[in-house]
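Okay, so here's the structure we're looking at.
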Amino acid sequence: MGCGSGRDSKAFIQQGYQVTAVDGSNELCKIASKYIGQEVICKRFQDLRESSTYDAVWACASLLHVPLVDLSLSKVATALKTGGYFYGSFKYGEFGGERNVGYNTRNLSE
């Protein structure tokens, strides 16, 4: 979930896993589809409706893009098969939202 450019999806595919790659951005889905050689589904975490579908869900550095009020890990739990695995990573802190939207961040310092 939240495959971005497809970097991790490609690594899993190369290891022999069957991957269902998903991202909420149409543009990133196009980029990742080309990179991993298969269709990437355009869907946001909030729209996850599957039940007992996945052996594992990998959400590396993607949950931070979901507003806290919309983050429901129970949807991920429902999408997992019994005994399934979930990996999610988060950033420290309490800030929610986007920073420096519309700016070239290479020229900004935080």
Legend entry - All positions within the range 51-88 that are exposed (fewer than 14 other Cβ atoms within 10 Å of the Cβ), part of a loop (DSSP other than H, G, I, E, B) and either modelled with pLDDT of 95 or more or of a type outside the set (A, V, I, L, M, F, W, C) (or both): S51, S52, P67, S72
Inset, instruction - Residue by residue through the range 1-59, note down the ones that are within 20 Å of S89 (Cα to Cα) and among the polar types (S, T, N, Q). - result: S5, S9, T20, S25, Q46
Inset, instruction - For the range 7-42, enumerate the residues that are surrounded by 15 or more Cβ atoms within 10 Å (Cβ to Cβ), touching a Cys at 6+ places or on another chain (Cβ under 9 Å), of a type outside the set (S, T, Y) and part of a loop (DSSP other than H, G, I, E, B). - result: V19, A21, G24, V40
Inset, instruction - Report, ordered by the first and then the second residue, all pairs with beta carbons closer than 6 Å, sequence separation of six or more or different chains, a first member in the range 74-100 that is under 20 Å from V19 (Cβ atoms), and a second member that is modelled with pLDDT under 85 and outside any loop (DSSP other than H, G, I, E, B). - result: G88/L63
Inset, instruction - Give me the pairs, please: first residue somewhere in the range 1-12 and more than 13 Å from Q38 (Cα to Cα), second residue anywhere and part of a helix (DSSP H, G or I) and charged (D, E, K, R), beta-carbon distance under 9 Å, and either six or more positions apart or on two chains. - result: none
Legend entry - Residues of the range 24-42 that turn out to be under 20 Å from F86 (Cβ atoms) and without any contact (Cβ under 8 Å) to a residue 24 or more places away in the chain, as a count: 1
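The values are calculated or read from the model by the stated rules, or taken from the named source; none is laboratory data. This one's a predicted model, so the numbers in the text were calculated from it and none came from an experiment. Virtual Cβ from ideal backbone geometry, glycine too; neighbours counted across all protein chains shown.
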